[in-house]
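This report concerns only the one structure given below.
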Amino acid sequence: MELSPEEYGAYWRASIFVAAGVLIVSLGYRVTSPLLSHPNAGAIGLGIFLLVAVVFAGTFVAMLGIARTVRTAVDAEMRG
């Protein structure tokens, strides 16, 4: 598979999206873990809500990167 410079750049941007998604999820867990270990039920509820929201956002960003990678690969294969 021969890649043009634009396609090569698209792969790098897609990998940045995947890495950003993983980073968002891992940092989100570190930020919400004190709330999850708190004895107050309200803090635990808020921690669970924040953790779910951050995991959703991180997964969304990572899937955008994976979709961009697949789209670039398909375009390169169809061209060549």
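What follows is calculated from the coordinates using simple rules that are stated; it is not laboratory data. Remember, predicted model here, so these are calculated numbers, not experimental data. Methodologically, a virtual Cβ is constructed for each residue, glycine included, from the backbone with ideal geometry; neighbour enumeration extends over all protein chains shown.
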Largest fluctuation, V22, V55, V31 only, Gaussian network model of the chain with Cα springs under 10 angstrom, belongs to V31
Over all Cα pairs of region 6-48, the Kirkwood radius sets Rh, and Rg/Rh then becomes 1.35
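Assign unit charges at the C-beta atoms only (+1 for Lys and Arg, -1 for Asp and Glu), then state the dipole size of the chain relative to its Cα centre in Debye, rounded to the nearest 20.
Working: 5 positive and 5 negative charges, 64 e Å.
About 300 debye.
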So, relative contact order of region 8-80 in percent, Cα under 8 Å, 6 or more apart, is 48 percent
Computed over the chain: longest principal axis from alpha-carbon atoms vs helix 5-36 long axis, angle to nearest 10 degrees, is 10 degrees
Taking Cα atoms, the helix 41-79 axis meets the longest principal axis of the chain at an angle in degrees (rounded to 10) of 0 degrees
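Which FRET efficiency value, to the nearest 0.05, do you get for H38 and R13 by plugging their Cβ-Cβ distance into 1/(1 + (r/R0)^6) with R0 = 30 Å?
It comes out at approximately 0.20.
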